[in-house]
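Let me begin by presenting the structure, written as structure tokens, before commenting on it.
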Amino acid sequence: MEAVLFFLAAIGALGGAIGVVALQNPFYSVLALIAHLFSLAVLFLMLTSAFVAAAQVVVYAGAVMVLYVFVVAYVGGGGEPVGRDLPNQRFLAILVAGILFVELSAAVLSSALLALGTHGPDVKPGFGDPAAIGRLLLEKFLLPFEASSLVLLIAAVGAIVLAGRKRETA
Amino acid sequence: MLSIADTTFVEATWIMIAKSLVIFAIIFGILPILTVVERKLIGRFQHRYGPNRVGPYGLMQPLADVGKLISKESFRPENAVSTLFILGPLLPVLSGVLALAILPWGNVQDGVGLYGIDVPIGILYFFAVGSIAFYGLLLGGWSSGSKYSLLGAMRSAAQLISYEVSMGLALLGVIMMSGSLSLVDIVEAQNKIWFFIPQFVGFLIFMLAGFAETNRTPFDMPEADAELVQGFMTEYGGMRFGSFLLVEYMEILVVSGIAAAMFLGGWMGPGPGFLDPVWMLAKMFALVFIFIWVRATLPRLRYDQLMSLGWKVLLPLATLNVLVTAVLVVVT
């Protein structure tokens, strides 16, 4: 049961991620990204992190992606190329992908594979429920949490300022 | 076992299956009655009889309606995207049925919890599955290949995002007062006083946002018939249109159920324990009546009025409510 669910979700996540880059029509790319995010939420759920899964669906699939769909459906799309290619783009892409591959392989080979034969960590009761996450965010990691909220606030204010300036000149 | 299931209280699988079937059957029995109740009530509000030809008091009307919808051709416009067009009405139904799972009908009685599931993330589950419904509208509107449908879908997108924020913040006060996200715990916390009284502002905001989330008058902008024909469902016919309609009533029931559990004491009421689900249902129906009453009374807002109400009135008010509640909870 768990294995079946895991592979369904994993295939969904990978298929969605490939779809995002491979599909020509931006609207379908966005839909693939949504499928990817929902699959990720299922994977979080299987890692006994119900809260993270719910947050993933509510914030990313429910709010952020809605804006994506909104913009893509309005602006339409397909047809025109997204931007000019960089010089040597193909070579650079392969180089960056190769570096990422090596890095991930190193990480997987050095640590994650060691746990394959074992039972996995024992999960304490209450792990990953909202209370535990809240305690982590507001006690142990209070400073990074507040700092990131400040960064988000600055970004929001910046977006409003930029949007307002454009209207004045137009 | 998946962690979304209750970890403290485990039931046999067959009980869980039986529970889901019972909840599903009862709600789907109520939905058609709801359509005829709405038409009857609106008729009364407007000083006319409403449907009274099919069956006694017109009670068989939904049967005739559904029969008509099912026997119609499932029409599809030529430039519609077929898979997405079919997916459109499916997603909202899925989301509505999933949301039914957390409505609490009573606490554990004789070893059976009178609810679908009691998840630790509780009310977040409602928002998570609610976001699926939205894609149904959007895909339906976009894939129809029609301007009216697209505009209707875009409007619903903007509207749903705007009001979901206020809706969540309105519930935060209740969550802080009860100290739990689980709907069962929240109802239990209303043993002394229903949260409807201390959280009156939250209740008002939640209901207003609920009208907007279910696309009901005065916020039925996505399907404003005077401007957009029927919004995102313009191009739908037959039972696909029927599903969109069905989902609207299901969402009304779900929002009423959440409001009843969060603010009106859920299953709490006098009488023996087996009356608990009846109390819950009665409270839900009272709220559904308000939905219909509002539809018969208020005209549709203009789109900019809708947006400024959502962002400039409800959101600051909800935030203020959360702040005041937080201070009071800490002080007392």
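Bear in mind these aren't lab numbers, they're just calculated from the coordinates by the rules spelled out. Because the structure is a prediction, the values reported are computed rather than measured. Because the Cβ atoms are built from the backbone with ideal geometry, glycine has one as well, and the counts that use them run over all protein chains shown.
A Förster radius of 45 Å, combined with the Cβ-Cβ distance separating B:E73 from B:D304, puts the computed FRET efficiency at roughly 0.70. Among A:A107, A:A17, A:A55, the largest mean-square fluctuation in a Gaussian network model of chain A (Cα springs under 10 Å) belongs to A:A107. A Förster radius of 56 Å, combined with the Cβ-Cβ distance separating B:Q46 from A:I11, puts the computed FRET efficiency at roughly 0.55. Considering only C-alpha atoms, what is the centroid distance from the stretch B:250-292 to the stretch A:106-142, in Å? The stretch B:250-292 and the stretch A:106-142 have Cα centres separated by 39 Å. Let me check against my output: what whole-number percent is the relative contact order of the stretch B:101-190, with C-alpha pairs under 8 Å and at least 6 apart? Computed value for the stretch B:101-190: 30 percent relative contact order. The modelled label-to-label distance between A:V157 and A:A93, using points 7 Å beyond Cα along the C-beta direction, is 4.0 nm. Note on the protein assembly as shown: with charges restricted to the Cβ of Lys and Arg (+1) and Asp and Glu (-1), its dipole about the Cα centre is near 1160 debye. To the nearest ten degrees, helix B:123-143 and the longest principal axis of the Cα atoms of chain B are 10 degrees apart.
The mean of 1/r over all pairs of different alpha-carbon atoms in the stretch B:207-332, once inverted, gives a Kirkwood hydrodynamic radius of 16.8 Å. Computed from phi, the 3J(HN,Hα) profile of the stretch B:17-22 under the Karplus parametrisation 6.51, -1.76, 1.60 (θ = phi - 60°) reads 5, 4, 4, 4, 5, 5 Hz, with x in place of Gly and Pro. Straightening the chain between A:L116 and A:L23 buys 30.0 nm, computed as 0.36 nm per residue apart minus the Cα-Cα spacing. Residue separation of A:L143 and A:A131 scaled by 0.36 nm, minus their Cα-Cα distance, works out to 2.5 nm of gained length.
Who wins for biggest fluctuation among A:F91, A:F38, A:F51 in a Gaussian network model of chain A, springs between alpha carbons below 10 Å? Judging by the Gaussian network model, the answer is A:F91. Counting only chymotrypsin sites (Phe, Trp or Tyr not before Pro) that DSSP places in a loop and that have at most 15 other Cβ atoms within 10 Å, the longest clean stretch of chain B runs over B:76-332. Would you mind calculating the relative contact order of the stretch A:1-87 from Cα pairs under 8 angstrom and at least 6 residues apart, reporting the percent as a whole number? In percent, rounded to a whole number, it is 28. Pairs exceeding 26 Å between alpha-carbon atoms, taken from B:K72/B:K147; B:K68/B:K283; B:K192/B:K283; B:K40/B:K192; B:K19/B:K40: B:K68/B:K283; B:K40/B:K192; B:K19/B:K40.
Springs between Cα atoms under 10 Å define the GNM used for chain B, and in it the highest mean-square fluctuation of B:L264, B:L90, B:L245 occurs at B:L245.
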